[in-house]
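The values are calculated or read from the model by the stated rules, or taken from the named source; none is laboratory data. Note that the coordinates shown come from a computational prediction; the quantities given were computed from them, not determined experimentally. Positions of Cβ are generated from backbone atoms using ideal geometry, with glycine treated the same way; all protein chains shown enter the neighbour counts.
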Amino acid sequence: MKPFIFIVVWIFSALLSFSQKNDTIKVNDTLKVVITNPGKEINSAFPDYAPVVSADGELLIFTSRRPVTDKEKEKNKESKENIYSATYSKTRKKWNKAIILGENVNEPGRHNSAIAISNDGQRMLLYRDDVYGNGDIWESTLHGKVWSVPAKLPEPVNSSSHESSASFSPDGKTIYFVSDRLGGHGGLDIWMCTQGEDSTWGKAKNLGTMINTSSDEEGVFMHPDGKTLYFSSKGHKSTGGYDIYKSVCEKGKWSEPINLGSYINTVEDDVFFVLTADGKTGYYSSIKKSGIGENDIYIIKFIRTEKEIGPALTLLKGTITDEITGDSLESTIVIKDLEKNEVVTTINSNSETGKYLVSLPSGKNYGISVNSTGYLFHSANVNIPLSTGYQEIIKDIQLKKIEIGKKIVLNNIFYDFDKSTLRTESVSELDRLVLLMTENPTIKIELSSHTDNVGSDEYNMTLSQARAQSVVDYVIAKGINKERLVAKGYGESISIASNDNEAGRQQNRRTEFKILSK
């Protein structure tokens, strides 16, 4: 094995940027990086490139031309493009050996290349060309451990022109992609297209002259923070071939692209840069003399100062299981902006492992609902202030079957302070409750409200009864028979946590429902 590259450098370099009006030079802050070759677990003596990574950095998918058939291996002959996958071992602190994916995605006799993966690793975009060399974008989804047969994305994502690379937005509703279609500013340009609530794709939009030049742009990647775009360009005064750039979108406007620097960018083509959600680990393909093959995949570690808090986002991840058996469950997870009562994204946990992952940009109060057929829904509230930097929250969720006596806490029911008035942020949770009762028309439930121990027993009992009745009144107003609902206030009589601290008192201030009969 050729020795790994292990270089720690301080980069004090003038970073080049492009302006339509005049050429300017931007100077990057001091940047400390470590660049390594992951070795033969990932790379081969043949071209390996186009890495894509899950937001948590635990799944790497890439394209390789290493021999596949016995005949190719015997002659040490380059294969057509095929897609490989590797998982990261936290105990060994290195990548496990990459394996080739099945024939669902690696169609024999043609080039198959992965170009994007969703944050949770459950959706993959592929590039495939036709007999005329026109490339298109295809999509495959992960069911358990098996990737589905890819489906070609419709217009206007694909066109009669060439579409080469792409990236998902964090919510999965927008695709950023590269195309040489008419209406661009050069050869290959970066475009975006958003999917509406009816699942149809809106009009393709060019990202404009701040991003696109009269030369080619390629290898687009949208970071899980939803606003930082990485891409390669032959324009923007690149140092040689394609260089990697970064631009941030604030209030609908892209910032002037910044070159990632003279050590990361070489005189060769440097493309297909991706970055984990924490902003600490990047991957790209490059040609270096010390590589294992002609074109290798490299890991870039960005080392922050102690004052840097990382990207303004939260990575929420965990496993969804049956409360009693512990079996993994495939579930639908709906994330809502509670203040706007708008769905931010909808994802599914893996059908075999029950694992889920979602990135949540800072500055919102999120309501999370987990739903699985035959089970009571589970709700959670994650309020992330705008000042919050990068953090990971691991939340394993156990779902309860719809059975008599089962009860759950409605974590997204909110009241005005010291009153029984329901706040608007409660609407999503209340509507989920209405839906549950509509889909299960025979169940009867008790809706209960509980308080902490602040205040007199009598006052807390009165307040909790009024709050429980407010929820019942809302559900009745939505068409549910009042005979199926019982409002009950328990005051401070049933605590689930200590009242000696604010965290415990907050848990005790809750609304629950319990199934009385089916």
Within segment 295-347, restricting attention to residues that are under 30 Å from residue 266 (Cα atoms) and of a type in the set (Asp, Glu), which residue is surrounded by the most Cβ atoms within 10 Å (Cβ to Cβ)?
296
So residue 324 passes all but one of these: (1) of a type in the set (A, V, I, L, M); (2) outside any strand (DSSP E or B); (3) within 28 Å of residue 283 (Cβ to Cβ). Which condition number does it fail?
(3)
Would you check if residue 502 is more than 36 Å from the chain's Cα centre (by Cα) and surrounded by fewer than 15 Cβ atoms within 10 Å (Cβ to Cβ)?
no
Unmet criterion (only one of (1) in contact (Cβ under 8 Å) with a residue 12 or more places away in the chain; (2) surrounded by fewer than 19 Cβ atoms within 10 Å (Cβ to Cβ); (3) of a type in the set (Phe, Trp, Tyr)) for residue 474
(2)
Selection within segment 173-183 - closer than 22 Å to residue 217 by Cα and surrounded by fewer than 20 Cβ atoms within 10 Å (Cβ to Cβ):
174, 180, 181, 182, 183
Among (1) part of a loop (DSSP other than H, G, I, E, B); (2) touching a Lys or Arg at 6+ places or on another chain (Cβ under 9 Å), there is one condition residue 330 misses while meeting the rest; what is its number?
(2)
All positions within segment 419-462 that are over 11 Å from residue 484 (Cβ atoms) and part of a strand (DSSP E or B):
422, 448, 449, 450
Before we move on, is residue 359 among the polar types (S, T, N, Q) and assigned to a strand (DSSP E or B)?
yes
Looking only at segment 421-443, decide whether some residue is free of Cβ contacts under 8 Å to residues at least 24 places away in the same chain and under 30 Å from residue 280 (Cβ atoms).
no
Can you tell me which residues in segment 300-339 are among the charged types (D, E, K, R) and within 20 Å of residue 364 (Cβ to Cβ)?
317, 336, 337, 339
Within segment 477-518, tally of residues that are free of Cβ contacts under 8 Å to residues at least 12 places away in the same chain and either closer than 16 Å to residue 405 by Cα or assigned to a strand (DSSP E or B) (or both)
0
Residue 349 - would you say it is hydroxyl-bearing (Ser, Thr, Tyr) and over 16 Å from the mean Cα position of the chain (by Cα)?
no
Could you please give the count of residues in segment 406-438 that are among the hydroxyl-bearing types (Ser, Thr, Tyr) and under 15 Å from residue 336 (Cβ atoms)?
3
Every residue in segment 477-490 that is exposed (fewer than 15 other Cβ atoms within 10 Å of the Cβ) and out of contact with any helix residue (DSSP H, G or I) (no Cβ under 7 Å at 6 or more places or on another chain), please.
477, 479, 481, 483
Assuming residue 120 fulfils every condition listed in (1) closer than 15 Å to residue 220 by Cα; (2) crowded, with 23+ Cβ neighbours inside 10 Å apart from one, which condition is it?
(1)
Name the pairs whose Cβ atoms lie under 6 Å apart, with the first residue in segment 363-384 and of a type in the set (D, E, K, R), the second assigned to a strand (DSSP E or B), and 6 or more positions between them or separate chains?
364/337
Residue count for segment 67-113, restricted to those that are touching a His at 6+ places or on another chain (Cβ under 6 Å) and either at pLDDT 95 or above or under 21 Å from residue 142 (Cβ atoms) (or both):
1
Output for segment 278-305, where each listed residue is under 26 Å from the mean Cα position of the chain (by Cα), over 18 Å from residue 95 (Cβ atoms) and not hydroxyl-bearing (Ser, Thr, Tyr):
279, 302, 303, 304
Among 431, 418, 457, 452, which is within 27 Å of the chain's Cα centre (by Cα) and either closer than 30 Å to residue 328 by Cα or acidic (Asp, Glu) (or both)?
431
